[in-house]
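Just below is one structure, and these are the notes that go with it.
The values are calculated or read from the model by the stated rules, or taken from the named source; none is laboratory data. This structure is a prediction, so every number in the text was calculated from the model and none was measured. Methodologically, a virtual Cβ is constructed for each residue, glycine included, from the backbone with ideal geometry; neighbour enumeration extends over all protein chains shown.
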Amino acid sequence: MTDVTPATPRSTKREAQRSAIVAAALGLLESDGPQALTTKRIGDEIGASTMAVYTAFGSLGHVVEAIVTDGFQQLQRTLAQAREVEDPLAGLWGLLTAYRQFALSRPHLFRAMYATAPVGGYIRTGEALLIGTEAFAEVVTAVERALDAGELAAAPAYDLALAGWSATHGAVLVELAGYTAAMPPPATATFDLVFIALMIGSGADPARVAAVVSGEPSAVPAARRAPRRVDQPRARSRSQL
């Protein structure tokens, strides 16, 4: 039997303060943008000194890293819930749509998560970019379901997931930057076109894809195909390096 060391009042208080600091920092980031993220503002939000922030985290960069980690945990839960529908192709559409909605509803957090700009003078590089690979694993799982159902042409699930995420992420960044709203609108929404092109290019039936995007996936039955997954190792998580 493994002994479990009980939490002491001091350690419980320390964790509570760390949680309060992360929550305050996240609130400042989302309400006022990255320029608001200073140790003084965070301290003011929780009624503590600047030193309390440094004592708990050591630096503002570590606070940002905690925010990013929390953001990816939230994103992972969002994506996992979105893909859990009976129709695998609709699940993949729902997951990528949820990814876009997360970004548009929380743009400052999203940019911090994906290191598109420094936050509090800190930007993730190198190994730190692997924070959040568990969220990407949800994309791989959704692709695997579509392959197992014979919806997509045979290919490594990881390859298709990486291509799909890359295209989706690019479309989201273009929209966040305001280009989509500034340019003449296309006949079909850009995000929809990205998904349609990805799926048809990956071997999906065009009628099925159109039905999924229109919100009527049951209108066109899935093609009767054998599973087409090509096994390939998944991306390593940060803990596996």
Here the residues within segment 145-163 that are of a type in the set (A, V, I, L, M, F, W, C) and surrounded by fewer than 16 Cβ atoms within 10 Å (Cβ to Cβ) are Ala153, Ala154, Ala163
In the set Glu134, Glu127, Glu144, Glu86, the lone residue that is assigned to a loop (DSSP other than H, G, I, E, B) and either polar (S, T, N, Q) or in the same structural domain as Asp205 (by TED's automatic domain parsing) (or both) is Glu86
Of the residues that make up segment 201-214, is at least one buried (at least 16 other Cβ atoms within 10 Å of the Cβ) and under 30 Å from Leu37 (Cα atoms)? no
key: Ala24 vs. criteria in a helix (DSSP H, G or I), surrounded by 15 or more Cβ atoms within 10 Å (Cβ to Cβ) and in contact (Cβ under 8 Å) with a residue 40 or more places away in the chain   = no
If you go through Ala52, Ala48, the only one that is farther than 19 Å from Ala171 by Cβ, more than 13 Å from the chain's Cα centre (by Cα), of a type in the set (A, V, I, L, M, F, W, C) and in a loop (DSSP other than H, G, I, E, B) is Ala48
Given the criteria within 17 Å of Gln73 (Cβ to Cβ), hydroxyl-bearing (Ser, Thr, Tyr), in contact with a helix residue (DSSP H, G or I) (Cβ under 7 Å, 6 or more places away or on another chain) and buried (at least 17 other Cβ atoms within 10 Å of the Cβ), does Tyr122 qualify?
no
Apart from one, (1) aliphatic (A, V, I, L, M); (2) surrounded by fewer than 20 Cβ atoms within 10 Å (Cβ to Cβ); (3) at pLDDT below 95 all hold for Ala80; the odd one out is (3)
Among the residues in segment 117-134, are any more than 24 Å from Ala25 (Cα to Cα) and either free of Cβ contacts under 8 Å to residues at least 60 places away in the same chain or among the acidic types (Asp, Glu) (or both)? no
Screening Gly43, Gly71 for residues that are under 19 Å from the mean Cα position of the chain (by Cα) and assigned to a helix (DSSP H, G or I) leaves only Gly71
Please determine whether any residue of segment 43-60 is surrounded by 15 or more Cβ atoms within 10 Å (Cβ to Cβ), in contact with a strand residue (DSSP E or B) (Cβ under 9 Å, 6 or more places away or on another chain) and closer than 13 Å to Leu109 by Cβ. no
Only one of Thr97, Thr168, Thr116, Thr180 is in the same structural domain as Ala80 (by TED's automatic domain parsing), of a type in the set (Val, Ile, Thr) and not in a helix (DSSP H, G or I), namely Thr116
If we keep only residues of segment 54-77 that are touching a Leu at 6+ places or on another chain (Cβ under 9 Å) and not hydrophobic (A, V, I, L, M, F, W, C), then the residue farthest from Met199 (Cα to Cα) is Tyr54
Report whether or not Ala52 is modelled with pLDDT of 95 or more and either assigned by TED's automatic domain parsing to the domain that holds Val212 or not β-branched (Val, Ile, Thr) (or both). no
